[in-house]
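*Asks:* One structure is given below, represented as structure tokens, and several questions about it will come after.
The values are calculated or read from the model by the stated rules, or taken from the named source; none is laboratory data. Here the structure is a predicted model, which means the values were calculated and not measured. A quick note on method: Cβ atoms are made from the backbone with ideal geometry, for glycine too, and the neighbour counts reach across all protein chains shown. Only protein heavy atoms, including side chains, enter the accessible area calculation; ligands, DNA and RNA are left aside. Shrake-Rupley method; radii C 1.70, N 1.55, O 1.52, S 1.80 Å.
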Amino acid sequence: MRRALIAGNWKMYKTISAGVALAREIADGTKPGGPEVVVFPPATALAAVSQAVKGTPVAVGGQNVHFAREGAFTGEVSPLMLKDAGCTHVLLGHSERRHVFGEDDELIARKTRAAVDGGLVPVVCVGETLPEREGRRTLEVVERQVERALRPLSADEVGRLAIAYEPVWAIGTGQVATPEQAQEVHAFIRRHVAGSHGDPVGGAVRILYGGSVKPDNIAGLMALEDVDGVLVGGASLEAGSFLKIVRGRG
Ligand code: PEP
């Protein structure tokens, strides 16, 4: 049985004080025994938000990480530093990292390896662009992204991470994937992981959907066999809408 995971990506929103206030509201509304809840604040707010949710069911993750432990990498943050700030998770390969900042599959694979080595749980994001979907290349693109990111990892390590399927055309657009589109890709990813790392790992790995998730579409998404949770952008910036998603209904 896979425990549901509801993740909130705050992107480049929220000052420290606003982030702490939001995290406290989310923690107050999150009961133990429900889905696992993780928020991904901007780097400046990580330590304060981690402190604010200490002892609650809410966990904290970074939105990105460098592959080195430390070094002359101006502007970067290492796995050690995320742990030091109280993080347990990290987002990797988000479409904005891939398409705005030019991160490729090899870099994301190095970061995934480093995150696992640093004791963090990676949430590896994959997904096709609109031209790729229209060109019927969705499964090929997603397979390549998953294969490259997971290649350096053992079966045990893959079993503990999460994969987020986020069609690029659905992120921040209000255009959510249909249940058929989401289920097709999720089942495909699970089969791929079963093939690459073994059936038990395919059965255990959590696959989240991301892309315009809102309180009014969460129930339909969570009802899908291979959807184990969601990665939420815009609707995670306000406690009321995020908590409705955590509770699984609008
Ligand atoms: C995201 O940033 O990962 C995301 C899915 O954003 P939104 O929910 O706003 O589409």
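*Asks:* Restricting attention to region 70-87, report how many residues are part of a loop (DSSP other than H, G, I, E, B) and either under 10 Å from residue 115 (Cα atoms) or at pLDDT below 95 (or both).
*Replies:* The first filter runs over region 70-87 and keeps only residues part of a loop (DSSP other than H, G, I, E, B), leaving 70-78, 85-87.
Subsequent filtering for residues that are either under 10 Å from residue 115 (Cα atoms) or at pLDDT below 95 (or both) retains 78.
Total meeting the criteria: 1.
*Asks:* Looking only at region 20-44, which residues are of a type outside the set (Val, Ile, Thr), within 18 Å of the chain's Cα centre (by Cα) and assigned to a helix (DSSP H, G or I)?
*Replies:* 23, 43 - these are the residues of region 20-44 that are of a type outside the set (Val, Ile, Thr), within 18 Å of the chain's Cα centre (by Cα) and assigned to a helix (DSSP H, G or I).
*Asks:* List the number of the failed condition for residue 122; all other conditions in (1) within 14 Å of the ligand (Cβ to nearest atom); (2) open to solvent by less than 30 Å² (accessible area, probe 1.4 Å) hold.
*Replies:* Of the numbered conditions (1) within 14 Å of the ligand (Cβ to nearest atom); (2) open to solvent by less than 30 Å² (accessible area, probe 1.4 Å), the odd one out for residue 122 is (1).
*Asks:* Which members of region 185-199 meet the condition of being in contact (Cβ under 8 Å) with a residue 40 or more places away in the chain, in a helix (DSSP H, G or I) and more than 10 Å from residue 165 (Cβ to Cβ)?
*Replies:* Initial filter on region 185-199 (in contact (Cβ under 8 Å) with a residue 40 or more places away in the chain): 185-186, 188-189, 192-193, 196-198.
From the residues that got through so far, the ones that are in a helix (DSSP H, G or I) too are 185-186, 188-189, 192-193, 196-197.
Of everything in region 185-199, those that are in contact (Cβ under 8 Å) with a residue 40 or more places away in the chain, in a helix (DSSP H, G or I) and more than 10 Å from residue 165 (Cβ to Cβ) turn out to be 192, 193, 196, 197.
*Asks:* Out of region 213-249, which residues are surrounded by fewer than 21 Cβ atoms within 10 Å (Cβ to Cβ) and outside any helix (DSSP H, G or I)? Talk me through it step by step, then tell me what you get.
*Replies:* So the first thing to find is which residues in region 213-249 are surrounded by fewer than 21 Cβ atoms within 10 Å (Cβ to Cβ), and the list is 214-217, 219-220, 222-226, 234-235, 237-241, 243-244, 247-249.
Across region 213-249, the qualifying residues are 214, 215, 216, 217, 223, 224, 225, 226, 237, 238, 248, 249.
*Asks:* Among the residues that make up region 145-166, is at least one of them within 11 Å of the ligand (Cβ to nearest atom), farther than 28 Å from residue 21 by Cβ and either assigned to a strand (DSSP E or B) or out of contact with any His (no Cβ under 7 Å at 6 or more places or on another chain) (or both)? Spell out the reasoning first.
*Replies:* Kept after step one, since they are within 11 Å of the ligand (Cβ to nearest atom), are these residues of region 145-166: 164-166.
Still in the running and farther than 28 Å from residue 21 by Cβ: 165.
Restricting the remaining residues to those that are either assigned to a strand (DSSP E or B) or out of contact with any His (no Cβ under 7 Å at 6 or more places or on another chain) (or both) gives 165.
Yes, some residue in region 145-166 is within 11 Å of the ligand (Cβ to nearest atom), farther than 28 Å from residue 21 by Cβ and either assigned to a strand (DSSP E or B) or out of contact with any His (no Cβ under 7 Å at 6 or more places or on another chain) (or both).
*Asks:* Quick one: which of 136, 110 is open to solvent by 40 Å² or more (accessible area, probe 1.4 Å), in contact (Cβ under 8 Å) with a residue 24 or more places away in the chain and basic (Lys, Arg)? Let's see the steps before the verdict.
*Replies:* Details: 136 fails: in contact (Cβ under 8 Å) with a residue 24 or more places away in the chain.
Checking each option against the conditions leaves just 110.
*Asks:* Considering only region 1-20, state which residues are open to solvent by less than 50 Å² (accessible area, probe 1.4 Å) and not β-branched (Val, Ile, Thr).
*Replies:* Kept after step one, since they are open to solvent by less than 50 Å² (accessible area, probe 1.4 Å), are these residues of region 1-20: 4-11, 18-20.
Passing the criteria: 4, 5, 7, 8, 9, 10, 11, 18, 19.
*Asks:* Part of a helix (DSSP H, G or I) and either touching a Ser or Thr at 6+ places or on another chain (Cβ under 8 Å) or farther than 24 Å from residue 214 by Cα (or both) - does that describe any residue in region 53-67?
*Replies:* Going residue by residue through region 53-67, those that are part of a helix (DSSP H, G or I) are 53.
Among the residues that remain, those that are also either touching a Ser or Thr at 6+ places or on another chain (Cβ under 8 Å) or farther than 24 Å from residue 214 by Cα (or both) are: none.
Among the residues of region 53-67, not one is part of a helix (DSSP H, G or I) and either touching a Ser or Thr at 6+ places or on another chain (Cβ under 8 Å) or farther than 24 Å from residue 214 by Cα (or both), which makes the answer no.
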